[in-house]
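Participant: Here it is: the structure, laid out below.
The values are calculated or read from the model by the stated rules, or taken from the named source; none is laboratory data. Here the structure is a predicted model, which is why all the values come from computation and not from measurement. Here the Cβ is made from the backbone with ideal geometry for all residues, glycine too, and neighbour counts use every protein chain on show.
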């Protein structure tokens, strides 16, 4: 029986571009920040100013694929190309009570368009540290097949856990 499961680290990861195992040289994937646009609220009933988040809306979201060296795959990721990226990570978990390891799955699905690609620096005996920046319009994060967050900017959907926080908004504007 698991008594003290501590997620420790990402043991390994794999990323797939448009369904193909073409991202072998990726050394890390920086996930986007989830920033809501805000509006300052003042007036009767408010003491001072409140910066109110706009529920269900998000500022520009960027993901960055950091490559060890540029590859044929990474070098073709330019000029606004639309992409779909699947990243799987094995989360190493240690159970202090049992003294055993197990692995959980962290899964990220990103759909977006390439904003920029930096080939990197050529230097003998060094990685080139190239990177590809992606403007994210869809992201879904799952942990052991449980939905944590799903944001679909074009589909007008924002689900946190099991709650679709934009369902009522879609209803109110005649989308449902």
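Participant: Being in a helix (DSSP H, G or I) and more than 17 Å from residue 136 (Cβ to Cβ) narrows it down to one of 102, 74, so name that one. Can you show your working first?
Facilitator: On the way: 102 fails: in a helix (DSSP H, G or I).
Only one candidate passes the filter, namely 74.
Participant: Scan (1) more than 21 Å from residue 142 (Cα to Cα); (2) assigned to a strand (DSSP E or B); (3) under 18 Å from the mean Cα position of the chain (by Cα) for the single condition residue 86 breaks and write down its number.
Facilitator: Unmet condition: (1).
Participant: Still on this structure: Going through 108, 91, 64 one at a time, which residue ends up being more than 15 Å from the chain's Cα centre (by Cα), surrounded by 13 or more Cβ atoms within 10 Å (Cβ to Cβ), at pLDDT 95 or above and part of a strand (DSSP E or B)? Don't jump to the end; show me each part of the working.
Facilitator: Values: 108 fails: more than 15 Å from the chain's Cα centre (by Cα); 64 fails: more than 15 Å from the chain's Cα centre (by Cα).
The conditions single out 91.
Every residue, every condition in (1) under 15 Å from the mean Cα position of the chain (by Cα); (2) surrounded by 11 or more Cβ atoms within 10 Å (Cβ to Cβ); (3) modelled with pLDDT under 95; (4) closer than 24 Å to residue 151 by Cα, yes or no:
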| position | (1), (2), (3), (4) |
| --- | --- |
| 1 | no, no, yes, no |
| 5 | no, yes, yes, no |
| 11 | no, yes, no, no |
| 19 | no, no, yes, yes |
| 24 | no, yes, yes, no |
| 27 | no, yes, yes, no |
| 31 | yes, yes, no, yes |
| 41 | no, yes, no, no |
| 52 | no, yes, no, yes |
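Participant: State whether one or more residues within the stretch 127-143 are free of Cβ contacts under 8 Å to residues at least 60 places away in the same chain, touching a strand residue (DSSP E or B) at 6+ places or on another chain (Cβ under 6 Å) and loosely packed, with under 13 Cβ neighbours inside 10 Å.
Facilitator: Looking for residues that are free of Cβ contacts under 8 Å to residues at least 60 places away in the same chain, touching a strand residue (DSSP E or B) at 6+ places or on another chain (Cβ under 6 Å) and loosely packed, with under 13 Cβ neighbours inside 10 Å, one finds none in the stretch 127-143, hence no.
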